[in-house]
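One structure below.
The values are calculated or read from the model by the stated rules, or taken from the named source; none is laboratory data. As the structure is a prediction and not an experimental result, all values here were calculated from the model. Cβ placement follows ideal geometry from the backbone for every residue including glycine, while neighbour counts extend to all protein chains displayed.
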Amino acid sequence: MTQSLALAHLLLASSTKSTSSSSAFLTLLPLLAIGVLGYFFFIKPQQRKAQAARAAQGSGIEVGDEVQTVGGVIGTVLEIHGDRYTLLTGALGNDGNLDGPQPTRIVFVRQAIAKKIERVEPTDVADDAPVEDIRPNSSSNGTGSSSDDDIDDVGGDSASTTGEHNGEAEEA
């Protein structure tokens, strides 16, 4: 009888161990499920988006294209050596002469090129066209004089700007 009692005691002890280990697994199961769902809903889409951005960033940019860097510099690609892009910044006119600032060569790494932009073609403006005055019409302030003479008059009453002593000299 002692053998059967020992066997029963052993079976009882093993059954309590298996329930405690399965309860620990059931406790960790929700945390494990949250981690797996978080990976597939948050991390995996971000990895795909970053991979697509890296693939699209360098593709399509060739010598002669106009690009914008992440710092806002706009230039024309002169040379491509591996991941280094040499840009020419500044403006040259249609005749090859300088229209604006001095052209400058700057070397950027591929990661610094933000996007390819479309070239802006200069419009031909006739030099003989008169320049239009866009200032508002000057109105009189009741005294018949124009308020253009007193530009710093913030109050709008065209008051004298001689100071609070009405032209008297201040004593030091």
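Numerical summary
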item: Qualifying position, being at pLDDT 90 or above, surrounded by 11 or more Cβ atoms within 10 Å (Cβ to Cβ) and in a loop (DSSP other than H, G, I, E, B), among VAL77, VAL67, VAL63, VAL107; result: VAL63
item: Selection from the stretch 80-90 of residues that are surrounded by fewer than 10 Cβ atoms within 10 Å (Cβ to Cβ) and not in a strand (DSSP E or B); result: GLY82
item: Among the residues listed as ALA53, ALA33, the single one being outside any strand (DSSP E or B) and surrounded by 10 or more Cβ atoms within 10 Å (Cβ to Cβ); result: ALA33
item: Condition check for ALA24: at pLDDT below 90 and either in a helix (DSSP H, G or I) or out of contact with any Phe, Trp or Tyr (no Cβ under 9 Å at 6 or more places or on another chain) (or both); result: yes
item: The lone exception for ILE43 - which of (1) at pLDDT below 90; (2) surrounded by fewer than 13 Cβ atoms within 10 Å (Cβ to Cβ); (3) among the aliphatic types (A, V, I, L, M) it fails; result: (1)
